[in-house]
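Contents: one structure, followed by commentary.
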Amino acid sequence: MQNSEILVNSVRFILLVLLQVLLLNHINFLGFVNPFIYIIFILLFPFNGSKSLLIFLSFLLGLSVDFFGDSGGVHAAACVFIGYIRPLLLKFAFGVSYEYNMVKINKVPLGERLTYISTMVLLHHIILFSLEIFNLSHILLILKSTLFSGIFSILLIMFTLILFSRKS
């Protein structure tokens, strides 16, 4: 990575953690709908970057949110999982374009972008809520929280990416 990419990713990391812990963690719509947009960092991490660095930074990202939210490591586990599985999801969503490093997240068709973001967010949320609730008898609550928080998070992430996309 170049120095400018390191600076951009460092600022993105800090701003997303602060936004999540200071503002978004306090949204509790209908008692179970919470947006988690801090995973934009994992979504936008450079595709040609180090995979082990991504997993380490995913752990730090989740651990930071856990530290401020006193949530016992569930965010760290969910972030490490999606950081680990991201190359497979990139190949699934973007196909051959990903293999040739021709993917720019703001320049791909909306369907591919939505597939990538939705898959990552829903996997993150199912791991997060499964570990948070950790009781199979509450499977409906896990699924309901995953679905509604996932939809809210996907909408906020898409809106944020559109709002902050660089114009060519």
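What's the total number of residues in segment 1-24 that are farther than 18 Å from LEU122 by Cα and in contact (Cβ under 8 Å) with a residue 24 or more places away in the chain?
Adding up the residues that qualify gives 8.
Scanning segment 30-52 for residues that are surrounded by 14 or more Cβ atoms within 10 Å (Cβ to Cβ) and part of a helix (DSSP H, G or I) returns ILE40, PHE41, ILE42, LEU43, LEU44.
Within the option set PHE81, PHE68, being in contact (Cβ under 8 Å) with a residue 40 or more places away in the chain, part of a helix (DSSP H, G or I), in contact with a His (Cβ under 9 Å, 6 or more places away or on another chain) and surrounded by 14 or more Cβ atoms within 10 Å (Cβ to Cβ) holds for one residue only, PHE81.
Is it true that some residue in segment 143-161 is β-branched (Val, Ile, Thr), at pLDDT 90 or above, surrounded by fewer than 17 Cβ atoms within 10 Å (Cβ to Cβ) and closer than 19 Å to ASN25 by Cβ? If you could, list the steps in order and put the result at the bottom.
Restricting attention to segment 143-161, the residues satisfying the condition of being β-branched (Val, Ile, Thr) are 146, 151, 154, 157, 160.
Still in the running and at pLDDT 90 or above: 146, 151, 154, 157, 160.
Pick out the ones that are also surrounded by fewer than 17 Cβ atoms within 10 Å (Cβ to Cβ) and you get 151, 160.
Filter once more, so that each one left must be closer than 19 Å to ASN25 by Cβ: 151, 160.
Checked segment 143-161: at least one residue is β-branched (Val, Ile, Thr), at pLDDT 90 or above, surrounded by fewer than 17 Cβ atoms within 10 Å (Cβ to Cβ) and closer than 19 Å to ASN25 by Cβ.
Inspection of segment 84-105 identifies at least one residue that is surrounded by fewer than 19 Cβ atoms within 10 Å (Cβ to Cβ), among the acidic types (Asp, Glu), in a helix (DSSP H, G or I) and more than 18 Å from the chain's Cα centre (by Cα).
Test VAL103 against the criterion of being over 16 Å from VAL33 (Cα atoms) and of a type in the set (Val, Ile, Thr), and give yes or no. Spell out the reasoning first.
Values: over 16 Å from VAL33 (Cα atoms): yes; of a type in the set (Val, Ile, Thr): yes.
So VAL103 passes the test.
Taking (1) more than 19 Å from ILE151 (Cβ to Cβ); (2) of a type in the set (S, T, N, Q); (3) touching a residue at least 40 places away in the same chain (Cβ under 8 Å) in turn, SER52 satisfies each apart from (3).
A quick yes/no check of all residues on (1) closer than 22 Å to PHE41 by Cβ; (2) free of Cβ contacts under 8 Å to residues at least 40 places away in the same chain; (3) not hydrophobic (A, V, I, L, M, F, W, C):
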position: MET120; (1), (2), (3): yes, no, no
position: HIS124; (1), (2), (3): yes, no, yes
position: GLU132; (1), (2), (3): yes, no, yes
position: LEU140; (1), (2), (3): no, yes, no
position: PHE148; (1), (2), (3): no, no, no
position: LEU156; (1), (2), (3): yes, no, no
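The values are calculated or read from the model by the stated rules, or taken from the named source; none is laboratory data. Since the model is a prediction, treat every value here as computed from it, not as a measurement. Backbone-built Cβ (ideal geometry, glycine too); neighbour counts: all protein chains shown.
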